[in-house]
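What follows is calculated from the coordinates using simple rules that are stated; it is not laboratory data. Everything quoted here is computed from the prediction, not taken from an experiment. All Cβ positions, glycine included, derive from the backbone under ideal geometry; neighbour counts span all protein chains shown.
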Amino acid sequence: MAERQREKEVLQQVGQVLSAATGETFFRELVRNLAGTLRMDYALIGEVDQQNKLLIHIRAVCAHGKLIDNFDYDLRGTPCENVVGQRFCAYPDHVQQLFPQDKPLQEMGVESYMGAPLFDSAGAPIGLIALLHSQPLASYQRAESILTISAARAAGELERRQAEAQMHQLSSAVEQTADAIVITDRRGVIQYVNPAYEQITGYPLKEVLGKNASVVKSGEHGKGFYEELWRTILAGQVFRGVMVNRKKDGLLYYEEKTITPLKDAGGNIVRFVSTGKDITQRLQSEERLHHLAHHDPLTDLPNRLLLQDRLTQAMREADQLERLVAVMFLDLDRFKTINDTLGHDIGDALLKTVAERLATCLRPGDTVSRLGGDEFTITLANVAHVDDVTRVAQKILDQFISPFRIGGRDLFVTPSIGITLYPLDEKQPENLLKDADVAMYRAKELGGNRFQFYTPELNLRAARRLELETGLRQALERQEFILHYQPLVDMKTGRIRGMEALLRWQHPEFGLIPPLDFIPLAEEIGLIIPIGEWVLKTACAQIKAWHNTGFPALQVAVNLSSKQLRDKNLIAAVRQALTESGLEARYLDMELTESVLMQDMELATSILKELKTVGISFSLDDFGTGYSSLSYLKRFPIDYLKIDRSFVRDITTDAVGAGLVKAIIAMANVLNIKVIAEGVETYEQQEFLRSHGCDITQGYFCSKPLAAQDFTELLQDWDRLRAGKCSTQNR
């Protein structure tokens, strides 16, 4: 009778604890009452870790009547392992011997153990209650019932705490997420917005609470868009889409929106949860990337990719309307010289200005695009007649008459334009562009600053040019280049004082190719530097060979291009050619044209002065065809001045030309510069030049350019065959 009364009192005490407290207080009071009323040394409540099911987090523990600090422990090898997720378990004695791996049992002096599992409402294990004592248990049936009742209440409290924690995490996530979250009722009336919504839209919660979610409606979507939205969510389905909304300050923004219906237990929709991501910057970036992918970054003109699209569209429309499409391929004459001389910043500014001028020549449906470098294309759509194309081409040429004001200076540049027509010439876009390119090269060959319509014959020229380019890239390796030498004859003595080295290309298929047919091509494709070094080395070696065979005073003149002058290795290349050949520097002369010197006067002055210290001499070639400025003759260390053949040709018949030649000779004498006359072909020309003080003659009158072996024979027989003819002494 007394035992039942005692059990009743214990249940009442535990019941008071179970109903009076929650949270940490509940757990602490429960273990203290269980330990006290059941007269156990230890009582604890543990919670199973949600990730590691073998780890227990103690939520409350009572030891010898006092609450102590919580701790964690591993289930493995402990009596608790047989409790969690299973059933009530009791070990009335010898528990240490039963679980020898559980060191805390030994440290605590535990002899007996009871434990009850805790399950959530879904039946999943979430923890345990355990009682431990230093003495054996005589009976544990009464304790089992009390522990089972307590376990049910403790499990409920643990589950409530876990739900609260999850709710707090969810609430925190909603508050801190970067996405705008809106909760509305069935009618779309706002019940909640998170801070991200406030930040994105500019509307604070207190201002939109109770208002319709359409407060951010922009008016950019039609009525049908919103009807489809409501039809979707009222059907219980999730709506996903991109919306254009309006912020409080009036700015539009793009929102990637998801609206999810929430239902009650009966399946009825009670509210909607909307999540939105501001994707304005992303769309702007995508739009910018799309623009960059289809436009030239320097001029902002359509690039090749967009050109292909525009051209294809224009061709399709031409087919429907029975009209023409014209494709113009435009390349700037002398642009590379400007770019290399004045720098890429000036070159870029010029290209931008050219793009602006080209755009003024076109109608709204036409397209001007930049393919790269100084290459532009113009697509004329919906063309009625070929004459219309001619007018536009002339209009473009006229745009280049006035100078381009770039970087505080006036620049003059002209275009070469190739034109092809659809469907008259070609049917495919890539072939139209190719043929227009071929026509452009023909316009450039004819002197530039003109337009040229495509003809099938131009393809043959283009094919030959391509064949020459391919062969040129292999000519050095195949040793196909040779030098011819034309004598420079002293007009007083009639003796050969030197020669000009002239490059020739012995092509295996086309035979001997003159320099005008391949030197410009070599400069264009970047081969002029290695070819120029070969010429320099070969000429120096040949002159040294002639010196060694009885002709010791000969000097050789080698032509120097603008690219070679700008080459940073030029001085080293000259020194190397002299060293390897053993030729003294005074026997090497380098010929430059006026245009080469004027491209960059500062650079030219510096390079020529440094080469002058090596000991070589310089000739100014083609004098009279360019700037012909006295100031730069004084500025540069010029030793020889070569009168261009165009002046020499008519000196016996053209009084003006003869006067110019006399003036050049007189000026050179004042400056102590020797004069060489090019292109001397007749005795009358020679006599005129001699009588007016010209120093040296060069031309067919004395000898055409000869290969090295033939020139050797010329040297050997000169006194017998030619000296008298070419000498004017005592005449």
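Are there GluC sites (Glu not before Pro) in the range 529-593 that DSSP marks as loop and that have at most 16 other Cβ atoms within 10 Å, and which are they?
Glu584
Please turn the phi angles of the range 47-53 into ³J(HN,Hα) values with the Karplus equation 6.51 cos²θ - 1.76 cosθ + 1.60 (θ = phi - 60°), one per residue in order, whole Hz, x for glycine and proline.
For the range 47-53, the Karplus curve yields 10, 6, 5, 6, 9, 10, 5 Hz.
How high is the relative contact order of the chain? Use alpha-carbon pairs under 8 Å, at least six apart in sequence, and give a whole percent.
Relative contact order, the chain: 6 percent.
Work out, step by step, the length gained on full extension between Ser691 and Ile68: first 0.36 nm times the residue separation, then minus their alpha carbon distance; give nm to one decimal.
Taking 0.36 nm per residue and subtracting the Cα distance, the gain is 211.6 nm.
What distance in nm separates the simple spin-label points at Val670 and Leu460, each placed 7 Å from Cα in the Cβ direction?
5.4 nm
Considering only the other residues whose Cβ falls under 9 Å of the Cβ of Gly372, what net charge follows from Lys and Arg at +1 and Asp and Glu at -1?
Overall, the nearby charge balance is -1.
In whole Hz and in residue order, list the ³J(HN,Hα) couplings for the range 651-663 that follow from phi through the Karplus curve 6.51 cos²θ - 1.76 cosθ + 1.60, θ = phi - 60°; x for Gly and Pro.
5, 8, 10, 10, 5, 5, x, 5, x, 5, 5, 4, 5
Mind giving me the FRET efficiency for Glu445 and Lys223? R0 is 51 Å, r the Cβ-Cβ distance, nearest 0.05 is fine.
The computed FRET efficiency comes out at 0.20.
Using only the alpha carbons, work out the radius of gyration and Dmax of the range 528-579 in angstrom.
Calculated on Cα positions, Rg and Dmax stand at 11.9, 37 Å.
Starting from the eigenvalues of the Cα gyration tensor, five times each then square-rooted, give me the equivalent ellipsoid semi-axes of the range 471-719, largest first, whole Å.
Values for the range 471-719, descending: 27, 22, 19 Å.
Among the lysines, which fall within straight-line cross-link reach of Lys217, defined as a Cα-Cα distance under 25 Å, with same-chain neighbours fewer than 8 residues apart omitted?
Lys206, Lys247, Lys248, Lys257, Lys277
Using DSSP to call loops (not H, G, I, E or B), can you name the trypsin sites (Lys or Arg not before Pro) in the range 542-621 whose Cβ has at most 10 other Cβ atoms within 10 angstrom?
Lys568
Could you tell me what percent of the DSSP beta bridges with both partners in the range 471-719 are antiparallel, to the nearest 5?
40 percent
Can you give the three extents of the C-alpha atoms in the range 177-283 along their principal axes, from longest to shortest, in whole Å?
Largest to smallest, the principal-axis extents are 41, 30, 22 Å.
So how much slack lies between Ala708 and Arg478, counting 0.36 nm per residue of separation and subtracting their Cα-Cα distance, in nm?
Between Ala708 and Arg478, full extension yields 80.9 nm more.
How charged is the neighbourhood of Phe510? Take every other residue with its Cβ under 10 Å from the Cβ of Phe510, and add Lys/Arg as +1 and Asp/Glu as -1.
In short, -2.
I want to check the label-to-label distance for Ala293 and Leu516. Put each point 7 Å from Cα in the C-beta direction and report it in nm to one decimal.
5.0 nm
Quick one: net charge around Leu209, please, counting Lys, Arg +1 and Asp, Glu -1 for every other residue with C-beta under 13 Å from its C-beta.
Charge balance near Leu209 sits at -1.
In whole Hz, what ³J(HN,Hα) sequence does the range 421-435 give by Karplus (6.51, -1.76, 1.60; θ = phi - 60°), x for Gly and Pro?
After applying 6.51 cos²θ - 1.76 cosθ + 1.60, I find 10, 10, x, 5, 9, 8, 10, 10, x, 5, 6, 4, 5, 5, 5 Hz.
Provide, for q = 0.19 Å⁻¹, the log10 of I(q)/I(0) from a solvent-free Debye sum over equal Cα point scatterers in the range 375-500.
At q = 0.19 Å⁻¹ the computed log10 ratios are -1.05.
Over the range 295-454, what is the relative contact order in percent, taking alpha-carbon pairs closer than 8 angstrom and at least six residues apart?
Over the range 295-454, the number comes to 28 percent.
With no solvent and one equal point scatterer per Cα, compute the Debye intensity ratio I(q)/I(0) for the chain at 0.08, 0.09, 0.11 Å⁻¹ and report its log10, rounded to two decimals.
-0.83, -0.96, -1.20
Where in the range 313-334 does the label zone of Asp410 land, with the point 7 angstrom along Cα→C-beta and an amide N cut-off under 20 Å?
Residues 333-334 fall inside that zone.
Compute the distance in nm between two label points, each set 7 Å from the Cα along the Cα-to-Cβ direction, one at Ile183 and one at Asp348.
Result for the modelled spin labels: 5.5 nm.
Run lengths n ≥ 4 of DSSP H only: what is the helix-derived mean residue ellipticity at 222 nm for the chain, with -39500 (n - 2.57) per run over all residues, to the nearest 500?
After summing the helix terms and dividing by the residues of the chain, the value is -14000 deg cm²/dmol.
Which FRET efficiency value, to the nearest 0.05, is calculated for Gln313 and Arg231 with the Förster distance at 60 angstrom and r the Cβ-Cβ distance?
Efficiency, rounded to the nearest 0.05: 0.95.
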